[in-house]
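**Student:** Have a look at this one.
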Amino acid sequence: MGKNSNVSKLEGSGEPLPKLSASEFRAYNRLAEQMDAFHNHFRMTWNQLQDACTAAGKRPSGLSARQMIMMGLQFCSQLDFHHSIEEQHIFPVLAKRMPEFRKELELLTQHKQIHAGLEKLESYLEKCRSGEEDMRREEVKRLMDAFGEVLWTHLDQEVKTLGADNMRNYWSIQEVAKLPM
């Protein structure tokens, strides 16, 4: 299916919505593109940390143990901050019309699962930073793997939910232009 598909339906009617022009698509897809930019940063950092965990017997990606600890802590902090902004300022506005952003549904449930994993990773890395524990790359990998699947699913699903084909089901172009982000 292409970017300008006719998947969207007029709410309640089952009738397909008209094909979007390129400028209409960009307007409706703005939040998805902005969210994807943030998420790409998290994907890149995740991959760097995973690569640093899996290189056998050598210093992977040029990261020392200290650099890896600091990168991991920064990842945890930034993702936590990103989710806090979403939960406090973006999701409540979207949830007024979009059921995907209501507290009891999947996207916020995923946040909780991700944060449980982030807390364990952050706790371990803090102990490593303080010298209380020796940093073991296999332990970092184990902690990351415990929430990796839900994180990657969430990063993709959230962007798709904010995509033009879904947003146009709930918002006019004028309204979507005023949404936070």
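**Student:** Which residue pairs have Cβ atoms closer than 6 Å, lie 6 or more positions apart in sequence or on different chains, and pair a first residue in segment 21-36 that is touching a residue at least 12 places away in the same chain (Cβ under 8 Å) with a second residue that is open to solvent by 50 Å² or more (accessible area, probe 1.4 Å) and part of a helix (DSSP H, G or I)?
**Tutor:** Pairs found: ALA27/ILE173.
**Student:** Under 7 Å between Cβ atoms, at least 6 apart or on separate chains: pull out the pairs that start in segment 142-164 with a residue that is within 29 Å of ARG26 (Cα to Cα) and surrounded by 15 or more Cβ atoms within 10 Å (Cβ to Cβ) and end on any residue that is at pLDDT 95 or above and of a type in the set (Phe, Trp, Tyr).
**Tutor:** From segment 142-164, the pairs are LEU155/PHE42; ALA164/PHE25; ALA164/TYR28.
**Student:** Would you list the helices (runs of 4 or more DSSP H) that sit entirely within segment 18-97 and hold 1 or more residues that are exposed (fewer than 13 other Cβ atoms within 10 Å of the Cβ)? Walk me through it before giving the result.
**Tutor:** Details: elements: 22-54, 65-85, 91-95.
Qualifying helices (runs of 4 or more DSSP H): 22-54, 65-85.
**Student:** Could you check segment 75-94 and list, in sequence order, the residues that are modelled with pLDDT under 95 and of a type in the set (Phe, Trp, Tyr)?
**Tutor:** PHE91
**Student:** Next up: Does LYS127 meet the test of being of a type in the set (Lys, Arg) and either exposed (fewer than 13 other Cβ atoms within 10 Å of the Cβ) or under 13 Å from the mean Cα position of the chain (by Cα) (or both)? Break it down stepwise before answering.
**Tutor:** Numbers: of a type in the set (Lys, Arg): yes; either exposed (fewer than 13 other Cβ atoms within 10 Å of the Cβ) or under 13 Å from the mean Cα position of the chain (by Cα) (or both): no.
No.
**Student:** Sticking with this one: For segment 20-36, does any single residue satisfy the condition of being over 30 Å from GLY148 (Cβ atoms), at pLDDT 85 or above and acidic (Asp, Glu)?
**Tutor:** Residues of segment 20-36 over 30 Å from GLY148 (Cβ atoms): 20-28.
Now drop any that are not at pLDDT 85 or above, which leaves 20-28.
When the remaining residues are screened for being acidic (Asp, Glu), the result is 24.
Checked segment 20-36: at least one residue is over 30 Å from GLY148 (Cβ atoms), at pLDDT 85 or above and acidic (Asp, Glu).
**Student:** Another one. Residues in segment 162-174: is at least one more than 28 Å from PRO16 (Cα to Cα) and at pLDDT below 95?
**Tutor:** Of all residues in segment 162-174, those more than 28 Å from PRO16 (Cα to Cα) come to none.
No; the residues of segment 162-174 include none that is more than 28 Å from PRO16 (Cα to Cα) and at pLDDT below 95.
**Student:** Now for a separate question. When LEU105 is evaluated against the numbered criteria (1) open to solvent by less than 40 Å² (accessible area, probe 1.4 Å); (2) among the hydrophobic types (A, V, I, L, M, F, W, C); (3) closer than 27 Å to TRP171 by Cβ, which criterion, by number, is the only one it fails?
**Tutor:** All conditions pass for LEU105, except number (1).
The values are calculated or read from the model by the stated rules, or taken from the named source; none is laboratory data. In this text the structure is predicted, and so the values were computed from the model without any measurement. Positions of Cβ are generated from backbone atoms using ideal geometry, with glycine treated the same way; all protein chains shown enter the neighbour counts. The protein model used for the area step is the full one, side chains on, heavy atoms only, and it has no ligands, DNA or RNA in it. Shrake-Rupley method; radii C 1.70, N 1.55, O 1.52, S 1.80 Å.
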